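**Student:** I am attaching a structure below and will ask some questions about it afterwards.
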Amino acid sequence: MLRLPGQIARKIQRILKQARVARLATVDPKKRPHVVPVCFALVGKALYSAVDQKPKRVAPERLVRLQNIRAVSRVALLIDQYDEDWNQLWYVLIRGKANLLSNSSRQERGLAIRRLRAKYPQYTPQMLADNAAIIRIIPDRITSWGNI
């Protein structure tokens, strides 16, 4: 199933609201890929992910995913379900444009953080700071397959 911009089917919306983890793929200016697992929330037609306070190997502003998004805004987000019963397999692949929300985007940042905290109880204010780096993904292509 392929969806065009702005058209997120209800079945896909349900999956995105319930799914607990996704894989975010970015590329650097030399087109080298980088993939990390992320938490995310769907808000309207955008998806948001944040850099939380879990220990990192580098300072948050030096994370490869953030550097890559600053350089090349094209990303992919994969949400999937594996099951030993292959009739239950499915995936949703979202391709789109990502950017980092500026601190001046207070209203949008606040909404994204509230939705992330509502979806993930682990995101207490100590784990997800109000000034956390927030990634916004605007889908331009959504592909899905399987038992959706």
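**Student:** Out of all the residues in segment 64-73, which are touching a residue at least 40 places away in the same chain (Cβ under 8 Å) and under 19 Å from Pro37 (Cβ atoms)?
**Tutor:** Arg65, Leu66, Asn68, Ile69
**Student:** Being within 23 Å of Asp80 (Cβ to Cβ), assigned to a loop (DSSP other than H, G, I, E, B) and not aliphatic (A, V, I, L, M) is the filter here, so list the residues in segment 45-58 that pass it.
**Tutor:** Matches in segment 45-58: Lys45, Asp52, Lys54.
For (1) among the small types (Gly, Ala, Ser); (2) in contact with a strand residue (DSSP E or B) (Cβ under 6 Å, 6 or more places away or on another chain), each residue gets a yes or a no:
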| residue | (1), (2) |
| --- | --- |
| Leu42 | no, no |
| Lys54 | no, no |
| Ala76 | yes, yes |
| Ser104 | yes, no |
| Arg114 | no, no |
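**Student:** Oh, and also: Has segment 6-15 got at least one residue that is within 21 Å of Ala133 (Cβ to Cβ), out of contact with any Pro (no Cβ under 8 Å at 6 or more places or on another chain), in a loop (DSSP other than H, G, I, E, B) and in contact (Cβ under 8 Å) with a residue 24 or more places away in the chain?
**Tutor:** no
**Student:** So for segment 31-41 (the condition being at negative phi, surrounded by fewer than 14 Cβ atoms within 10 Å (Cβ to Cβ), over 13 Å from the mean Cα position of the chain (by Cα) and not in a strand (DSSP E or B)), does at least one residue qualify?
**Tutor:** yes
**Student:** Same structure again: For Gln53, are the conditions met, namely being at pLDDT below 95 and more than 17 Å from Arg14 (Cα to Cα)?
**Tutor:** Numbers: at pLDDT below 95: yes; more than 17 Å from Arg14 (Cα to Cα): yes.
Yes, satisfied.
The values are calculated or read from the model by the stated rules, or taken from the named source; none is laboratory data. Quantities reported herein were computed from a predicted structural model and do not represent experimental measurements. Counting neighbours? That spans all protein chains shown, and the Cβs are built from the backbone with ideal geometry, glycine included.
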